[in-house]
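The values are calculated or read from the model by the stated rules, or taken from the named source; none is laboratory data. Quick caveat: nothing in here was measured; it's all calculated off a predicted structure. Heads up, the Cβs are rebuilt from the backbone with ideal geometry, glycines too, and the neighbour counts pull from every protein chain shown. Accessible surface is based on the protein model in full, side chains and every heavy atom, while ligands, DNA and RNA are left aside. Shrake-Rupley method; radii C 1.70, N 1.55, O 1.52, S 1.80 Å.
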Amino acid sequence: MTDTTTDAAFDIDGDAERCPYCGRPFATDHLRTLHVGEAHGETMTEEEAERYADAEDQESDDLFVFHLKVLGALSFIMFLFVYSYSFVWSG
Amino acid sequence: MSVHRQGATAVARLREYAGRLAGRYGPSTGRRGLLTLAALVVLTAPARAHGGPGISSGNVDTPTWLFLMTGGGVIAVSFLLTSFVTDRELISDYHERRVPVPNGEAVRRWGGRIGGALGLLGLVAVLVVGVAGPPQAGRNFAVLFVWVVWWAGFTASTYLVGNGWPALDPFGRLAALLPDRSGVDVPDWVGRWPAVAGLLLLVWLEVVTEVASDPRQLTAVVAVYAVATVAGGALLGHETWRRQFDPVAGVFDLYGRVAPIQRTDDGLELVIPGAALTEVEAGRTTRESEVGFVIALLWVTTFDGFVATPTWQAIAAPIVRLGLPGELAYFAAMLVGYALFFGVFWGASKRVRTSGPTYRAAPHVAAAFAPALVPIAAGYHFGHYLPYLLQQLPAAAVTAAAPLSPPITPPVLGLPGWITWVGPISVLAGHLLAVWVSHSRAFDLFTGKLQPIRSQYPYVFVMVLYTITGLWLLAQPTIDAPFI
Ligand SMILES: [Zn+2]
């Protein structure tokens, strides 16, 4: 909202993938494809729409795997606390 | 690619299965997560009840390390749980759901008139009673009014209700009597650094002088501040003074962004607490100095607690023994601590570029996420000052009735035992709101779902550090600030 998409807000090293509509630089092609769908959904071409749908599938699959890891981390933290408290309060 | 797609379909099948097991996969998971978090807070809270850090009651004792680990753990868990809230509509709803207050314009007009009169009355009362009233802090209305009513009570109202300072501000009103000349041009690089310096200076004065307990010194500081506001406003322009130089207006402005009532162009509106923090004008002056002011607010609340610990005494003792005046040791500690806080936050903002990954420049990232730290400062303030406010409020009321001849011992309220819970719980609550505000900001700034979540890794690390620091301070025995 406060940041514009002008280059002043970015610090680019190497080749950035740029949005064909607003020129915003992205570190990966995947992120650019997602951005085109999110920000320029009404003007994008059919090919871009297809690529966006694929990228969204990919993103939600990755998110699912990420959430599995999060559940793992949560279980570990819970275990750590239950163990610590029972250790401290029993002694 | 094909191997990857195959993997992806396997994942999709697994997901469908999990989705059927868990009901709907989406925002509701986030809500369930929040319930789990609430349960966690309630479960871990007895750690305090059975014997806070360093205090043991009966045969159950929770050591400080476990108390600190619990605080850090709650922040980490809350981050992990917010990662389930990835629905962009739900998140933008949080910022955009606003309800105009009926007759907001009239409320503001009358609030300005009544508040302005009260503010001026308060200022005159402080100046007169500070000089003519009794010298004991506990009996002097000026001292009780400034520290109890204004700094504890009014400040709490700015982040709990809304920023009423523009309506009350007697200093700004006095300054407005002089014409707005704005003859001196302030260079751009100055930004908001004068307000940062002013805030650090005020808190340093509060710690090393008797401003908190000597009515005469307090009156002198208030008078100097009034003169500075009038002169500064006339010389630099009222808006420049307010925005770039005045630390007090700046603090209330930031705290006010946490509150549910917000000012609009011509009225008032209700927002969800914390939602207006995204409207802090990060690029108003320089991004570095705007971030610097938020960090200053966070640091001064910490500094206040830090100098009253035995740890500070142990650090400062050898330095003072070498012959450095105590006041200078405090000044150095103030600057070193501020640089440390600023450096840690700036470093984290740089790390966001690789954790995202994103090409966004570090100053822009820092300026976008710094306002999320304000609820943390508010949490410390509330935890620190609520007991003090409740305890001293009767004394303030009684001395207000007879400011020049107050009773020998004005009444104070005895506090119930549960009040010790207020500190840790409000510190944690402030951090939880900060994690959420930062998360919702990330979805505004970044693309997709994983990039916003990954962008938060460095900040979560920083917030865990801040929480542990804050709880550690609460866990320390409080001593009188030494060497002064
Ligand atoms: Zn674009």
### Message
Just checking the output field for B:348-360: average partner chain Cβ neighbours within 10 Å of each residue's Cβ?
### Response
3
## Note on the structure
For region B:214-231, Karplus-derived ³J(HN,Hα) couplings (6.51, -1.76, 1.60; θ = phi - 60°; whole Hz; x for glycine and proline) come out as 9, x, 5, 5, 4, 4, 4, 5, 4, 5, 4, 4, 5, 5, 4, 5, 5, 5
### Query
How many percent of Cα pairs in region B:5-475 exceed 28 Å?
57 percent
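Rank by packing, highest mean first: peptides B:389-395, A:51-57, B:144-150, with packing defined as the count of other Cβ atoms within 10 Å averaged across residues. Intermediate values should be presented prior to the final figure.
Numbers: B:389-395: 19.0, A:51-57: 16.7, B:144-150: 21.6.
Result, highest mean first: B:144-150, B:389-395, A:51-57.
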## Note on the structure
Sorted on mean Cβ neighbours within 10 Å (highest first), peptides B:410-418, B:227-235, B:378-386 come out as B:378-386, B:227-235, B:410-418
### Query
Using the Cα atoms as the points, what is the convex hull volume per residue of region B:424-484 in Å³?
103 Å³
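Take every residue in peptide B:80-90, count the Cβ atoms of other chains within 10 Å of its Cβ, and give the average of those counts.
Values: counts 8, 2, 0, 6, 4, 0, 5, 0, 1, 0, 0.
Mean shielding count: 2.
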### Estimated [θ] at 222 nm from DSSP helical runs (n ≥ 4, -39500 (n - 2.57)) normalised by residues in the protein assembly as shown, nearest 500
-21500 deg cm²/dmol
#### Entry: Cβ-derived FRET efficiency at R0 25 Å, B:Glu89 paired with A:Val65, nearest 0.05
0.60
### Message
Just to verify a number: FRET efficiency for A:Glu42 and B:Ile319, C-beta to C-beta distance, R0 = 51 Å, to 0.05?
### Response
0.20
### Message
Computing the accessible area with a 1.4 Å probe over protein heavy atoms, can you report the carbon and sulfur percentage for region B:5-475?
### Response
68 percent
#### Entry: Amide proton proximity set for B:Leu268, modelled H, under 5 Å, gap of 5+
B:Val101, B:Gly104, B:Glu105
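Once you average over the residues of A:71-84, how many Cβ atoms of partner chains fall within 10 Å of each Cβ? It would help to have the intermediate numbers written out before the result.
Numbers: counts 2, 1, 5, 7, 0, 0, 6, 4, 0, 2, 9, 1, 0, 7.
Across the residues of A:71-84, the mean count of other-chain Cβ atoms within 10 Å is 3.
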### Summary
On the formula 1/(1 + (r/R0)^6), with r taken between the Cβ atoms of A:Glu17 and B:Glu210 and R0 of 51 Å, the FRET efficiency rounded to 0.05 is 0.25
### Message
For A:Phe10, what residues show an amide H to amide H distance below 5 Å, using hydrogens built from the backbone and excluding near sequence neighbours?
### Response
B:Ala361
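When 1/r is averaged over all different Cα pairs and the result inverted, which Kirkwood radius in Å belongs to region B:167-258?
On the way: mean 1/r = 0.0714 Å⁻¹.
Roughly 14.0 Å, rounded to one decimal.
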### Query
What ³J(HN,Hα) values, in whole Hz, does the Karplus curve 6.51 cos²θ - 1.76 cosθ + 1.60 give for region B:147-153 when θ = phi - 60°, with x put for Gly and Pro?
7, 8, 6, 7, 6, 8, x
### Message
With only alpha-carbon pairs counted, each pair once and no self-pairs, how large is the Kirkwood hydrodynamic radius of region B:362-425 in angstroms?
### Response
14.6 Å
### Task
Could you run the Karplus curve 6.51 cos²θ - 1.76 cosθ + 1.60 with θ = phi - 60° over region B:108-116 and give me ³J(HN,Hα) per residue in whole Hz, x for Gly and Pro?
5, 4, 6, x, x, 5, 5, x, x
### Query
Averaged per residue, what accessible area in Å² does region B:106-194 show with a 1.4 Å probe, protein chains only?
50 Å²
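From the gyration tensor of the Cα coordinates in the protein assembly as shown, what semi-axes in whole Å does the equivalent ellipsoid have, largest first, with each one equal to sqrt(5λ)?
Equivalent ellipsoid semi-axes, largest first: 44, 31, 22 Å.
Report the relative contact order of chain B, percent, no decimals, based on alpha-carbon pairs under 8 angstrom and at least 6 residues apart.
Working: 685 pairs, mean separation 103.2, N = 484.
Value for chain B: 21 percent.
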### Summary
Semi-axes (Å, rounded, descending) of the ellipsoid equivalent to region A:7-90 per its C-alpha gyration tensor are 42, 17, 9
